[in-house]
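Asker: Encoded as structure tokens, here's the structure I'll be asking about.
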Amino acid sequence: MATEQPSQTQQDNFVFHPYNVMLYLMLFGLSALFLSLTISYIYTRVTMNVPPVQLPWLFLLNTVILLGSSYTMILAKRCYLSDHTEGYMNNLKYTIGLSVLFMAMQSVAWYWLFSHNIALNTSTTTAYLYLISFVHLAHVIGGLPFLINFYRTAKKRMVDPVTVLVYFSDPEKRLKLRLLTVYWHFLDLLWIYLVLFFGVNYLI
């Protein structure tokens with residue numbers, strides 16, 4: 001066991017692994033996209049003298065929900081590393097549930113905006129709010145199938161002590177789980193940045 005651990009660690013931290021490269025290239029692209037959108041928002045406000053848009057309180061609630069999903073992903077990874085089958089499965093389920101809840105509550109937040117006469121065409125800054133929050137939601141939706149696939153694969157393969165051992169000792173599974181966790185934390189931090197960005201813009 002002592003001789004296997006270094007090789008697994010090396011596999012997990014291998015910077016030029018194709019999965020690592022693809023993920024970090026995607027995160028770089030997403031960072032550039034949202035940075036461009038927020039800079040465009042500021043440019044539009046300054047040049048067109050458009051009033052800022054006020055975030056509905058549901059956006060703050062959604063922040064708490066996303067933080068919860070990141071926390072359960074951390075717990076799922078810990079359970080995986082400690083070979084805790086039940087905890088691993090449960091926390092994957094919790095993460096899926098919180099992600100679906102976030103998507104549902106984001107729809108409610110948009111409905112709240114519409115019901116308060118803050119539609120997509122109300123102002124340019126309002127259009128940016130809808131666009132940016134929709135693009136973020138799209139990436140949550142895009143990551144959800146991978147999360148569901150992790151849960152379904154674990155439920156299908158971990159049926160007895162032998163298959164559990166094989167599943168938890170798979171270095172590729174370990175690497176994919178780590179990368180999925182990084183992706184989920186990135187979406188969480190990105191959402192916090194967006195909420196703070198719109199909040200600060202409303203105050204100044």
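Asker: Within region 159-178, take every residue that is surrounded by 18 or more Cβ atoms within 10 Å (Cβ to Cβ) and aliphatic (A, V, I, L, M) and give me the one that is farthest from Ala76 (Cα to Cα).
Answerer: Leu175
Asker: Out of the residues in region 139-155 meeting the condition of being closer than 17 Å to Leu101 by Cβ and among the hydrophobic types (A, V, I, L, M, F, W, C), tell me which one is surrounded by the fewest Cβ atoms within 10 Å (Cβ to Cβ).
Answerer: Only one residue tops the list, namely Ile141.
Asker: Looking at (1) surrounded by fewer than 18 Cβ atoms within 10 Å (Cβ to Cβ); (2) in a helix (DSSP H, G or I), which one does Trp184 not meet, given that it meets all the others?
Answerer: For Trp184, the failing item is (1).
Asker: Quick check on region 80-91: of everything there that is under 21 Å from Asp188 (Cα atoms) and over 18 Å from the mean Cα position of the chain (by Cα), which residue is surrounded by the fewest Cβ atoms within 10 Å (Cβ to Cβ)?
Answerer: The first filter runs over region 80-91 and keeps only residues under 21 Å from Asp188 (Cα atoms), leaving 88, 90-91.
Those still in the list that are over 18 Å from the mean Cα position of the chain (by Cα) too: 88, 90.
Working: Tyr88: 26, Asn90: 15.
So the residue we want is Asn90.
Asker: Are any residues in region 111-138 surrounded by 14 or more Cβ atoms within 10 Å (Cβ to Cβ), at pLDDT 85 or above and not hydroxyl-bearing (Ser, Thr, Tyr), and if so, which ones?
Answerer: The answer is Trp112, Leu113, Ala127, Leu129, Leu131, Ile132, Val135, His136, Leu137.
Asker: Can you confirm whether Leu194 is in a helix (DSSP H, G or I), touching a residue at least 40 places away in the same chain (Cβ under 8 Å), under 19 Å from Leu61 (Cβ atoms) and under 16 Å from the mean Cα position of the chain (by Cα)? Spell out the reasoning first.
Answerer: On the way: in a helix (DSSP H, G or I): yes; touching a residue at least 40 places away in the same chain (Cβ under 8 Å): yes; under 19 Å from Leu61 (Cβ atoms): yes; under 16 Å from the mean Cα position of the chain (by Cα): yes.
Taking the combined requirement at face value, the residue satisfies it.
The values are calculated or read from the model by the stated rules, or taken from the named source; none is laboratory data. Note that this is a predicted model, so its numbers are computed, not measured. All Cβ positions, glycine included, derive from the backbone under ideal geometry; neighbour counts span all protein chains shown.
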